[in-house]
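Novice: Before anything else, here's the structure in question.
The values are calculated or read from the model by the stated rules, or taken from the named source; none is laboratory data. Since the model is a prediction, treat every value here as computed from it, not as a measurement. Heads up, the Cβs are rebuilt from the backbone with ideal geometry, glycines too, and the neighbour counts pull from every protein chain shown. Quick note on the areas: whole protein, heavy atoms, side chains included, nothing else; ligands and nucleic acids left out. Shrake-Rupley method; radii C 1.70, N 1.55, O 1.52, S 1.80 Å.
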Amino acid sequence: MARIAGVNIPTHKRVEIALTYIHGIGQTKAKEICTKVGIPDDRRVNDMTDDEVIRIREVIDNDYMVEGELRREVAMNIKRLMDLGCYKGLRHRKGLPVRGQRTHTNARTRKGKARPIAGKKKA
């Protein structure tokens, strides 16, 4: 099992797909990385040489922000919005949708499980 950017990537998948298991690398960036390193599209992780793994590691470390560093930056950006007291920050603080979605119905992912209201009857 190859370990890249602190993540164990699955061995039997194609390299392009396996790289997407790293936080901050999607399909486009994974293809970009494979092209830079010179790995063919059909190569599997367990068929890679140690040299290729090292080159992938170096490319990711030098050119991309991934895993802990990326998570930390996103958290700092959210904290900054909350400290400023801007609209988006207030929505984050209250645990409501930030990007203009409706809350009358839906929004259960952000609001959590529905709680019953005392005295309200179903019509």
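Novice: Going through R80, R57 one at a time, which residue ends up being in contact with a strand residue (DSSP E or B) (Cβ under 6 Å, 6 or more places away or on another chain) and of a type outside the set (A, V, I, L, M, F, W, C)?
Specialist: Of R80, R57, the one residue that is in contact with a strand residue (DSSP E or B) (Cβ under 6 Å, 6 or more places away or on another chain) and of a type outside the set (A, V, I, L, M, F, W, C) is R57.
Novice: So N8 ticks every box in (1) part of a helix (DSSP H, G or I); (2) surrounded by fewer than 16 Cβ atoms within 10 Å (Cβ to Cβ) but one. Which box is left unticked?
Specialist: Single failed check for N8: (1).
Novice: Restricting attention to the range 58-76, and to residues there that are in a helix (DSSP H, G or I) and β-branched (V, I, T), which single residue is farthest from V7 (Cα to Cα)?
Specialist: V74
Results for (1) at pLDDT 90 or above; (2) at positive phi; (3) touching a Phe, Trp or Tyr at 6+ places or on another chain (Cβ under 7 Å); (4) among the β-branched types (V, I, T), shown as yes or no for each residue.
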residue	(1), (2), (3), (4)
E52	yes, no, no, no
V59	yes, no, no, yes
Y64	yes, no, no, no
R72	yes, no, no, no
N77	yes, no, no, no
R91	yes, no, no, no
K94	yes, no, no, no
V98	yes, no, no, yes
A118	no, no, no, no
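Novice: While we're on this one: Which residue, of R44, R71, is basic (K, R) and within 16 Å of the chain's Cα centre (by Cα)?
Specialist: Criteria check complete, one pass: R71.
Novice: Quick one: would you say M76 is open to solvent by less than 70 Å² (accessible area, probe 1.4 Å), among the aliphatic types (A, V, I, L, M), under 28 Å from V98 (Cβ atoms) and without any contact (Cβ under 8 Å) to a residue 60 or more places away in the chain?
Specialist: So M76 fails the test.
Novice: Among the residues of the range 49-89, count how many are aromatic (F, W, Y) and either more than 19 Å from R110 (Cα to Cα) or touching a His at 6+ places or on another chain (Cβ under 8 Å) (or both).
Specialist: Count: 1.
Novice: With the condition kept exactly as written, say whether any residue in the range 19-36 is under 30 Å from G95 (Cβ atoms), acidic (D, E) and open to solvent by 60 Å² or more (accessible area, probe 1.4 Å).
Specialist: no
Novice: Right, next: When you go through (1) open to solvent by 100 Å² or more (accessible area, probe 1.4 Å); (2) within 23 Å of E16 (Cβ to Cβ); (3) not aromatic (F, W, Y) one by one for M65, which number turns out not to apply?
Specialist: So the condition that M65 fails would be (1).
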